[in-house]
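Note sheet for the following structure.
The values are calculated or read from the model by the stated rules, or taken from the named source; none is laboratory data. Please read all numbers here as calculations on a predicted model, not as lab measurements. When the accessible area is computed, the model is the full protein with side chains, heavy atoms only, and any ligands, DNA or RNA have been set aside. Shrake-Rupley method; radii C 1.70, N 1.55, O 1.52, S 1.80 Å.
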Amino acid sequence: MAVKILIPTPLRPYVDGRDTLELEGASVGELLERLAGEHTALKQHLFAADGRLRSFVNVYVNDRDIRRLEHQETRVSPGDTVSIIPSIAGGTGGAVADQRPKLSHEEILRYSRHLILPDVGVEGQKKLKAARVLLVGAGGLGSPAALYLAAAGVGTLGLVDFDVVDKTNLQRQILHGTSAVGTPKLESARARIQDLNPNVQVETFETRLTSENALDIIREFDVVADGTDNFPTRYLVNDACVLLGKPNVYGSIFRFEGQASVFYAKEGPCYRCLYAEPPPAGLVPSCAEGGVLGVLPGIIGSIQAMETIKLIVGAGEPLIGRLLLFDALKLQFRELKLEKDPDCPVCGRNPTVTELIDYDAFCGLRSGETPPEAEHGMKTTVEA
Ligand code: ZN
């Protein structure tokens, strides 16, 4: 039995239009060399002149990125599936518009209800395909956001999470199913997203976001959707987004209430303009006593997905400078105007926060204790 190689649409013309090839080889490098040897026109698309794999070509063995394995030395066995995924050039915001990928026939069919929308259309869909969105947290808010963004055709979804699926998550974290209990959320999320839309490239970061890694992770994305719900991460995400000039699509939930906004310091206030410093531990409900109605993150996370898509395609009026409050029991939406604070410690005229800070004393935690799961409740007081 040979190794199966999946050829992406843009490269199929160089392999006689085929989508799958079977080759023998012991490592990824060996397979790719053999592939390029048999299909010489393909070679220049895979390898640079110096023989290295082109930086915009990603290779996966089964569902794992070889950059997180042994690169081209990654061993393969008969029955494995190797996927060649040309990556989409990302980085700073403006790059989105410059690198519009083509849509395949399958994508044109899949996104037909978008393509006939005047505010999306083919150009908007290409922007979505070129976009790189980072979801911080694959829990209650991250679940609906990830599903809708994947379904909508966002080309690359980054996911940051370090948790394992627990049975108590299933009441609201709809990315994960019963069969995934006990497995890493990132694994479960990747499988679900790939099943929903195989065109989406999923990049996973199995880590807690810290002052050490936040800038490096966030830098590679165009838009960040903050779906965690603990203060250390909220402030990290906010500060990193301000420092890097990225929009931060914010959502939070507590029991029956939710909030959403878009913090984008270039055009409006940031989270610290709203809450300059995190509250001291003990002043806010503890994570354990939070509780949340399962549908609520579905609504707020969907709003985050909607705002993310609007930012990418440039449609409508984004939730910048507005705080949306949702009361599920009364079924009421309210809106507060948010002003940019000229004295904001991170985005104001004389910022005092110029690098990332790790806050760790929250939810009654003392420094050094392990913070509990992120998303159990909004620890943000609703000031309205
Ligand atoms: Zn600010």
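With a 1.4 Å probe and every protein chain left in place, work out the accessible area per residue of the chain in Å², rounded to a whole number. Result: 46 Å² of accessible area for each residue. Annotation: the antiparallel percentage among DSSP beta bridges lying fully within the chain is about 60.
Here the accessible area is traced with a 1.4 Å probe on the protein chains. For the range 181-279, carbon and sulfur cover 47 percent of it. Straight-line cross-link partners of Lys310 among the aspartates and glutamates, defined as a Cα under 20 Å from its Cα and at least 8 positions apart when in the same chain: Asp98, Glu107, Asp119, Glu123, Glu220, Asp222, Asp226, Glu267, Glu335. Accessible surface comparison of Thr207, Thr40, Thr74, probe 1.4 Å, protein chains only, largest first: the order is Thr40, Thr207, Thr74. At the residue level, Arg64 shows approximately 120 square angstrom of accessible surface with a 1.4 angstrom probe and all protein chains present.
The Cα atoms of the range 3-96 cover 42, 29, 25 Å along the three principal axes, with the biggest extent listed first. Applying the Kirkwood pairwise sum to the alpha-carbon positions of the chain produces a hydrodynamic radius of 21.9 angstrom. Pairs spanning more than 31 Å between alpha-carbon atoms, out of Lys129/Lys266; Lys129/Lys330; Lys43/Lys126: Lys129/Lys330. Only protein heavy atoms count here; on that basis, with a 1.4 Å probe, Glu30 has an accessible area of about 70 Å². Sorting His71, His114, His39, His105 by accessible area puts them as His105, His71, His114, His39; the probe is 1.4 Å, largest comes first, and only protein heavy atoms count.
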